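A short reminder: the numbers here are calculations on the coordinates, not readings from a lab. Note that the structure is a prediction, hence the values are computed from the model and not measured. Cβ sites come from the backbone with ideal geometry, for glycine too, and all protein chains shown count toward neighbours.
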Amino acid sequence: MLNSNLLRKLDMQDLMVFIAVYEQSSVTDVSETLFVSQSTVSYSLKKLRTSFEDELFINTRAGMRPTYKASAMYGHVQKILESINLCHSGAAAFDPTQKAVTFNICAPEYFEQLILPRLLRNFDHANLPVIVNVQKLESDIPAEALREGRLDLVICFGPNFHRAHKDFKTQMLLEDDLVCVFDKRAAPREPAFSLKSFVARRHVFPTPWTSSTNMIDGWLARQSQKRQVIARANSYSAALKMITGTDFIVTLPRRVQALLALEPVFGHCEAPNGLPGFTLDMQWNETNEQDSANAWFREQVTKVCGGVLQAASRELQASS
């Protein structure tokens, strides 16, 4: 924020006039250097004097002599103009066409099923030599690997599923909720499971990230309830195979259900009222904030997630 509203009236040309007058001590020379009229230089000086509440330059026989305040300001104004130039030129952009690059990330199966295939197709269609290595997400974020550079990104769930780290940047990629999936021959009579009917069913628990429990069990515990888990699967696809031909149910993210639980075999209905949804988040070490390759890869992930959201919106409009 600015210390004074008077400063709002200044523009880049005024700062350039300040530097030029300070260095050349002549309004005439400044107008020729900046290719502006002398009246324009005089007008900028008037704005500068008003904004900084100081004469700044005193007209003497030897030329425009800077005041004490102008001398103190000179270095700061130089840095402002240098910073503006840096903003314009920017850091050297990462060019993935120049050489092969590998990104190491830690992510749950949700990312591998929903986002990674689209991301890789984009790289393939653009003929980019990009390799993505994925390490399975565990209950805790691999903070040290991210800090030491062994990982470029961590894709995780939120909000508040993992311990927060102040030195990590976080960006929410998308939101999702949970639905109950079952073999069509064992469809429930109601369009949505009540809490009672939900816990009465036997469940298959997919573990798309390494954890003994997940968000469903935590929510049930807060309701003083517990479900019967008869099998744990290492993937969403395996869990769906386990419920085929049975009355078991599996609770999946809605986007995964739409992708994997094919209509001829599986049906789905809404989860019990109050079961919370979740977010898919991206985290990176703040030291990588300005790394051009890391920034480029984060941008590609964000674009794919944006495409997922747009596709979902179009499907919703088409069905309504």
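Among L6, L146, L45, the order by Cβ neighbours within 10 angstrom, fewest to most, reads L6, L45, L146.
Using θ = phi - 60° in the Karplus curve 6.51 cos²θ - 1.76 cosθ + 1.60, the 3J(HN,Hα) couplings for region 131-141 round to 10, 10, 9, 10, 9, 5, 6, 9, 5, 10, 5 Hz; x is entered for Gly and Pro. Roughly how tilted is helix 292-319, in degrees to the nearest 10 and between 0 and 90, from the longest Cα axis of the chain? Value to nearest ten degrees: 50.
Within the same chain, lysines fewer than 8 places from K226 are excluded, and of the rest, those with a Cα less than 20 Å from its Cα are K196. Straight-line cross-link partners of K69 among the aspartates and glutamates, defined as a Cα under 17 Å from its Cα and at least 8 positions apart when in the same chain: D14, E23, E53, D54, E55.
The separation of region 166-193 from region 232-269, counted between C-alpha centres, amounts to 11 Å. Where does the chain land at 222 nm, in deg cm²/dmol rounded to the nearest 500, when only DSSP H runs of n ≥ 4 count, each adding -39500 (n - 2.57), divided by all residues? That comes out to -13000 deg cm²/dmol. The stretch between R189 and N160 holds 7.0 nm of extra length on full extension. This uses 0.36 nm per residue minus the Cα-Cα distance. Using θ = phi - 60° in the Karplus curve 6.51 cos²θ - 1.76 cosθ + 1.60, the 3J(HN,Hα) couplings for region 43-49 round to 5, 5, 4, 4, 5, 4, 5 Hz; x is entered for Gly and Pro. Between the helical axis of 12-24 and the dominant principal axis of the chain, each derived from Cα atoms, what acute angle in degrees is found, rounded to the nearest 10? Approximately 40 degrees, to the nearest ten. Among the trypsin sites (Lys or Arg not before Pro) in region 133-193, those located in a DSSP loop and surrounded by at most 11 other Cβ atoms within 10 Å of their own Cβ are R163, K166, R189. Rounded to the nearest 10 degrees, the inclination of helix 116-125 to the longest alpha-carbon principal axis of the chain is 60 degrees. So if we plug the beta-carbon distance of Q223 and N104 into 1/(1 + (r/R0)^6) with R0 = 30 Å, what FRET efficiency do we get, rounded to 0.05? After rounding to 0.05, the efficiency reads 0.15. Between the listed residues M12, P191, V130, the Cα displaced farthest toward the positive end of the dipole of the chain, a dipole computed from Cβ unit charges relative to the Cα centre, is found at P191. Please work out whether the chain counts as rounded, prolate or oblate from its C-alpha gyration tensor, where a ≥ b ≥ c are the square roots of the eigenvalues and a/c under 1.5 means rounded, while otherwise a/b larger than b/c means prolate and anything else oblate? Here the chain falls in the prolate category.
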